[in-house]
Amino acid sequence: MSHNEISVAIFDFDGTMIDSDQALVDPFLALGVPPEEISFGHAVAAECERLGIALGDYVDAYDTEVSQPFPGMEELVGGLGRWAICSNKHPSSADAELERLGWYPELVMCADAFSWHHKSLVPVIEAMGIQAEQVVMVGDSEGDLRCAQEIGCQMVWAGWNPRVRAAKPSGLTASEPAELLDWFPAIGGVI
């Protein structure tokens, strides 16, 4: 697959575009979940069920005002052509954060779009009318990797997230968001 064919960036949201690890954990802690029970990369409804928490209680406890973009992400978003978000996040939280940040992707698919199960790129590329070879999936979890593998698209690890950097995953890892435009110039509309 040629990097020149890739013209659409599809991002995971939490832990990839925004530094939200603590914001995701805080509602669980407030609802009495022990810290060692909490993990990342799951569909929000499935994680709430696993931890014995009502989804509505989690959403009510989630603060949509605290997570900030990773350094360099605002500049990257400003330079993107076609881009989308594919996230396990609750849609009301994602919508509020995107509105606050002033980010307007072509498409946002959250947990509700996947019947509250783990996300998939299949309906995302179908809705956008694109093929897998046009896509780079940017993410921070094994779930994001599974999404990319499911359709056979390029995957880039969000190495600007300290958790990803520490894990040293195999595969293409960007140390900062701007590298995406260097590696895949067509996602910025430049060929």
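General remarks:
- Rounded tilt (10° steps) of 91-101 against the dominant C-alpha axis of the chain: 60 degrees
- Extension gain for Glu36 to Arg165 (0.36 nm times residue separation, less C-alpha to C-alpha distance): 44.4 nm.
- Extended-chain gain in nm, criterion 0.36 nm per residue less alpha-carbon gap, Asp182 and Leu101: 26.8 nm
- Three-way shape call for segment 82-138 based on the alpha-carbon gyration tensor, with the a/c threshold at 1.5: oblate
- Kirkwood hydrodynamic radius of segment 21-61, from inverse mean 1/r over distinct Cα pairs, in Å: 10.0 Å
- Rounded to 10°, Cα long-axis angle of helix 21-30 versus longest principal axis of the chain: 20 degrees
- Among Gln68, Pro27, Gly78 the positive-end extreme of the charge dipole of the chain (Cβ point charges): Gly78
- Each residue, Gln22 and Ala54, gets one label point 7 Å from its Cα in the Cβ direction; the gap between the two is 2.9 nm.
- Given charges at beta-carbon only (K, R positive; D, E negative), |dipole| of segment 114-191 in Debye: 240 debye
- Dipole size of segment 21-61 about its Cα centre, with +1 on Lys/Arg Cβ and -1 on Asp/Glu Cβ: approximately 60 debye, rounded to the nearest 20.
- Pairs of C-alpha atoms in the chain farther apart than 30 Å represent 14 percent of all such pairs.
- The mean sequence distance of close C-alpha pairs (under 8 Å, at least 6 residues apart), as a share of the length of the chain, puts its relative contact order at 31 percent.
- Electrostatic dipole magnitude of segment 32-109 [Cβ: Lys, Arg +1; Asp, Glu -1; Cα centre; debye, to 20]: 280 debye
- Two-decimal ratio, segment 80-191, of alpha-carbon radius of gyration to 2.2 N^0.38 Å: 1.05
- If both residues of a DSSP beta bridge must be in the chain, then about 10% of such bridges are antiparallel.
Each value in this text was obtained by applying a stated rule to the coordinates, not by laboratory testing. In this text the structure is predicted, and so the values were computed from the model without any measurement. Virtual Cβ from ideal backbone geometry, glycine too; neighbours counted across all protein chains shown.
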